[in-house]
Amino acid sequence: MKVFDMDSDRFFVLTGGPGAGKTTLVEALRARGFAATEEAGRGVIREEMETGGDALPWIDRQRFAERMFEWELSSYRQAEREAGAVFFDRGLPDTLGYLTLEGLPVPPWMEEEAWRLRYHARVFAAPPWKEIYGVDEERRQSWQVAVRTYEVMVRTYTDFGYDLVELPRAAVEQRLAFVLKEAGLAE
């Protein structure tokens, strides 16, 4: 088992636009026994729809972003209690990227937290992949928005000092092997 010196060394983020295979890859990592988080956006949308809330991207984008950030903070705190590597289906900077994408102000407290609570220096970025992209009840963005989202997430993580490693457009098993190798977790 790999030994990590700090939490940030064992916290691996997968980012990118919607519909690029991040969650499928996170599920494959979870199936291999790694701790992983649930994507904040989908989780918040699901909760808000179940309770009749309005913190939804098509109703109140600012409140939606606040809820996503709170979700990511909670995921980070939960990850601190886990042993070994943890894979994040997006991270705190993703919410800041979302706000930027939507032309909304980034609250200073969110930016401060994103600088304070760090992840591994190398962040995995899932590039837009039209062949697997699709919409559903929770993912309503167009292909064009998915591409712009990827671009904004790359810029946001870069601005926060992370190095991005682009995932190959390949089957999930190949992506899984790639991530484990790049994270230094390959068997």
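Please treat every number below as a calculation from the coordinates, not as lab data. Since this is a predicted model, take the numbers as computed values, not measurements. FYI the Cβ positions are ideal-geometry reconstructions off the backbone, even for glycines, and counts take in every protein chain you see.
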Next on the checklist: Rounded to the nearest 20 debye, what is the charge dipole size of the stretch 68-187 about its Cα centre when +1 sits on each Lys and Arg Cβ and -1 on each Asp and Glu Cβ?
Outcome noted: 240
Checklist entry - Remind me, relative contact order of the chain in percent, using alpha carbon pairs under 8 angstrom and six or more residues apart? => result 35
Item to check | Calculated FRET efficiency for the pair Ser8/Arg77, C-beta based, R₀ 22 Å, to 0.05 | outcome: 0.95
Checklist outcome for this item: Zone reached by a paramagnetic label modelled 7 Å from Glu102 Cα along Cα→Cβ, restricted to the stretch 32-49 with backbone N below 19 Å, covers 39-49
Next on the checklist: If each residue of separation counts as 0.36 nm, what is the full-extension length gain between Val172 and Glu111 once their alpha-carbon separation is subtracted?
Outcome noted: 18.7 nm
Checklist outcome for this item: Computed over the stretch 17-121, the convex hull of the Cα set has an average projected area, in nm², of 7.2
Checklist entry - By how many degrees, 0 to 90 and rounded to 10, does the Cα axis of helix 172-182 deviate from the longest principal axis of the chain? => result 60
Checklist entry - Taking neighbour counts of Cβ atoms within 10 Å as a proxy for exposure, in what order, fewest first, do Asp159, Asp9 appear? => result Asp159, Asp9
Checklist outcome for this item: Dividing the helical contributions, -39500 (n - 2.57) per DSSP H run of n ≥ 4, by the residues of the chain yields a 222 nm value, nearest 500 deg cm²/dmol, of -15500 deg cm²/dmol
Checklist entry - With springs only between Cα atoms under 10 Å, which of Glu173, Glu80, Glu39 fluctuates most in a Gaussian network model of the chain? => result Glu173
Checklist entry - So what's the stretch 7-182 giving for Rg/Rh, alpha carbon basis, Kirkwood Rh from the mean inverse pair distance? => result 0.93
Next on the checklist: If R₀ is 22 angstrom, what is the calculated FRET efficiency for the pair Arg30 and Lys181, using the beta carbon separation as r and rounding to 0.05?
Outcome noted: 0.75
Checklist entry - Which value, in debye to the nearest 20, describes the size of the charge dipole of the stretch 1-99 about its Cα centre when Lys and Arg Cβ atoms bear +1, Asp and Glu Cβ atoms bear -1, and nothing else is charged? => result 300
Item to check | Of Val26, Thr100, Leu180, farthest towards positive along the dipole that unit charges on Lys, Arg, Asp, Glu beta carbons give the stretch 7-182 | outcome: Leu180
Next on the checklist: 5 Å is the cut-off here: which amide hydrogens, built 1.01 Å from N in the peptide plane, fall below it relative to Ala36, excluding neighbours closer than 5 in sequence?
Outcome noted: Phe87
Next on the checklist: Give me Val165, Val26 sorted ascending by neighbouring Cβ count inside 10 Å, so fewest comes first.
Outcome noted: Val165, Val26
Checklist outcome for this item: Ordered by fewest other Cβ atoms within 10 Å, a rough proxy for footprinting exposure, Val145, Val152, Val106 read Val145, Val106, Val152
Next on the checklist: Sort 56-63, 89-96 by packing, meaning the average of other beta carbons within 10 Å per residue, with the highest value first.
Outcome noted: 89-96, 56-63
